[in-house]
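A short write-up of the structure that comes next.
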Amino acid sequence: MNPKEYWDLTFREAFLYCKMNLIKDNDTLKTRINLYDALANKLLQADVLLNKKPKVVHIRDMFKGLFKKNE
């Protein structure tokens, strides 16, 4: 959206635009967290030369507020 278009919006339209962008950004963040978590787990599992039983700490556990129980 161009800056001129943003300033021509009503308050309700600007609010909805910002709210939808926040939802989109949260979805992007969730996707990246899931990908990085899977990548980290694969790397830990592949590195059996150093540790026979590596300690796996899930990245999703650090962002519990972002993920609901059913996801």
Simple spin-label estimate for GLU13 and MET1 in nanometres, 7 Å along Cα-Cβ
0.9
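To the nearest 0.05, how large is the calculated FRET efficiency for VAL57 and ASP25 if R₀ is 30 Å and r is the Cβ-Cβ distance? Each step should come with its number before you reach the end.
On the way: r = 25 Å, r/R0 = 0.83.
FRET efficiency, VAL57 to ASP25: 0.75.
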Test item: Cα-centred dipole of segment 3-63, Lys/Arg +1 and Asp/Glu -1 on Cβ, debye
380
Positive-pole candidate from ALA38, TRP7, TYR17, dipole of segment 3-63, charges at beta carbon
ALA38
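Kindly flag which residue pairs out of LYS4/LYS30; LYS19/LYS64; LYS19/LYS68 have an alpha-carbon separation exceeding 23 Å in this structure. Working shown, then result.
Numbers: LYS4/LYS30 31 Å; LYS19/LYS64 21 Å; LYS19/LYS68 19 Å.
Check vs 23 Å cut-off fails for LYS4/LYS30.
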Burial ranking of peptide ranges 59-66, 31-38 (average Cβ count within 10 Å, highest at the top):
31-38, 59-66
Suppose the chain between LYS64 and ALA46 were pulled fully straight at 0.36 nm per residue; how much longer would it get relative to their current alpha carbon spacing?
3.8 nm
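Share of Cα-Cα pairs in segment 3-63 beyond 15 Å, in percent?
Working: 1198 of 1830 pairs.
When every Cα pair of segment 3-63 is considered, 65 percent fall beyond 15 Å.
Values quoted throughout were computed directly from the atomic coordinates according to the rules given, and no laboratory measurement underlies them. These figures come from a predicted structure and were not determined experimentally. All Cβ positions, even for glycine, are placed from backbone atoms using ideal geometry, and neighbour counts span all protein chains on display.
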